[in-house]
Amino acid sequence: MSHDHTHDTVGAGSNQARPLAIALALVLLYMGVEVVGGFLAGSLALLADAGHMLSDAGALALTLFAMKVARRPATANQTYGYYRAEILAAFVNGATLAAIAFFVLVEAYERLRNPSQDEGPLMLAVACGGLIVNAAGLWTLRSGDDANLNVRGAWLHMLTDALGSVQAIVAGGLIWVFGWNWADPLASVLIGCLVVYSSWSLIEQSVAVLMEGAPGHINVDDVRSTLLELPGVSNVHDLHVWTITSGFVALSAHLTCVDPDRQDSVLRSAHELLASRFRIRHTTIQLDRGPSCEGTAHANN
């Protein structure tokens, strides 16, 4: 049996701690402004934005906390360490986004049934400020949203909030110019639908990791076929590919080697091939001796 446990991409989001802290400070600062402005303007869209900013603050704080926990060393009980803390945080962020969307849609429905008078100019001004703050936060986190699912969750919170500010700006302008008070709850409906859309992929990806499914960018059949192409390998079985955390993919497999003299070269070639072609560097491979297998190799996923 051979192990290759290099995984230099683990903790890809660890260098995002400072940008996350800056984004958190910006969100907390302007969240209070939106709450006050929303009540003064009687704007549901602004209050929805403020509520979303509160979730942004929670998401950013949770992301920072999860990063800190994930850096803790492995123990006898937590043999992989605490990397999954980041995935749990991503799932919570996605679920929070979905809950916010539900709340916004319910409130928008009530407001459409009973329209209220909004202060268009104040609503417009506060929403513009919110857009600037969210744009600054998105720019701060721009380098880490693809590398780490946890950071992506926080980035999605800010993106949907920024687009929510755009909706509030449009609604404020329509109310100010045309007196269309229904534009405010309509904007809230659009915000809610946008949040549902953005949260679904985050929840789906984090659940896939927690359920130890194969990463979306890796085709397990291709991995099996590639291993079968190695000289001396006649069968591949008990093949498992899963994600520990963002950037940390693990693999275990049994390979049947028909030539005992080539075991070392087969193991070395398998590790090198998995690392170069699939970027899988945390591998556990066991070689089984035996004659050439007449059946078809199979993978257990």
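Provide the gained length on full extension for the span residue 65 to residue 288, in nm with one decimal, where the gain is 0.36 nm per separating residue minus the Cα-Cα distance. Write out the running numbers ahead of the final one.
On the way: separation 223, 0.36 × 223 = 80.28 nm, distance 4.36 nm.
That works out to 75.9 nm of additional length.
At 1.4 Å probe size, put 161, 222, 264 in order of accessible surface, largest to smallest. Don't skip to the end; give the middle numbers.
Details: 161 0, 222 80, 264 115 Å².
Of 161, 222, 264, the descending order of accessible area is 264, 222, 161.
Given H placed 1.01 Å from N in the peptide plane, which residues other than close sequence neighbours of residue 235 have an amide H under 5 Å from its amide H?
Close amide H contacts, sequence-distant or interchain: 256.
Along the Cα→Cβ direction, 7 angstrom out, place labels at residue 177 and residue 201. What is the inter-label distance in nm?
3.2
Quote to one decimal, in nm, the extra length available between residue 259 and residue 210 on full extension: 0.36 nm per residue of separation minus the C-alpha distance between them. It would help to have the intermediate numbers written out before the result.
Working: separation 49, 0.36 × 49 = 17.64 nm, distance 3.83 nm.
Separation in residues times 0.36 nm, less the Cα-Cα distance, equals 13.8 nm.
Just how much of residue 152 is accessible, in Å², when a 1.4 Å probe is used and the result is rounded to the nearest 10?
60
So how far apart, in nm, are the two label points at residue 17 and residue 139 if each is 7 Å from Cα heading toward Cβ?
For the pair residue 17/residue 139, the computed spacing is 2.6 nm.
Please compute the modelled spin-label separation between residue 75 and residue 222, points set 7 Å along Cα→Cβ, answer in nm with one decimal.
The modelled label-to-label distance comes out at 3.9 nm.
The values are calculated or read from the model by the stated rules, or taken from the named source; none is laboratory data. A quick note: this is a predicted structure, and the numbers were derived from the prediction, not measured. When we count neighbours, we look across all protein chains shown, and the Cβ atoms used for this are built from the backbone with ideal geometry, even at glycine. Ligands, DNA and RNA are stripped out before the accessible areas are found, and what is left, the full protein with its side chains, is counted by its heavy atoms. Shrake-Rupley method; radii C 1.70, N 1.55, O 1.52, S 1.80 Å.
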